[in-house]
Amino acid sequence: MAEKGQENRKTDQSQVQETADGMTLEQIFSRLEEITKKMENPETGLEDAFALYKEGDTLLKEAEKRISLVDKQVRALEDDGTEVDFQ
């Protein structure tokens, strides 16, 4: 039974990651604000809060990854004045 629960959690995380991949940074931050508001609501149940936390964690990691990429591009521009493609 625990294995099925773990499998469902992995599927949920995969779905969240796929959704994050199709979102802009602005959309990710907007969703993170929504998640925060829902988690701050005392009427949000524990299971829902935990699911929201996991979704937020996945979205935050995606945002950090994208920001890090932009940071590397900016640093490359600053170092030698030419643009480097980091794809």
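The residue of segment 35-45 that is farthest from LEU59 (Cα to Cα), among those that are in a helix (DSSP H, G or I) and either modelled with pLDDT under 95 or not hydrophobic (A, V, I, L, M, F, W, C) (or both), is GLU40. Only one of the listed residues (LEU77, LEU32, LEU52) is of a type in the set (A, V, I, L, M, F, W, C), modelled with pLDDT under 75 and assigned to a helix (DSSP H, G or I). That residue is LEU77. Residue under question is THR58, and the condition is that it be loosely packed, with under 15 Cβ neighbours inside 10 Å and of a type outside the set (A, V, I, L, M, F, W, C); does it hold? Spelling it out, it is not the case that THR58 is loosely packed, with under 15 Cβ neighbours inside 10 Å and of a type outside the set (A, V, I, L, M, F, W, C).
The values are calculated or read from the model by the stated rules, or taken from the named source; none is laboratory data. Quick caveat, the model's predicted, so the values are computed rather than measured. Quick reminder, even Gly has a Cβ in these numbers, built from the backbone with ideal geometry, and neighbours come from all protein chains shown.
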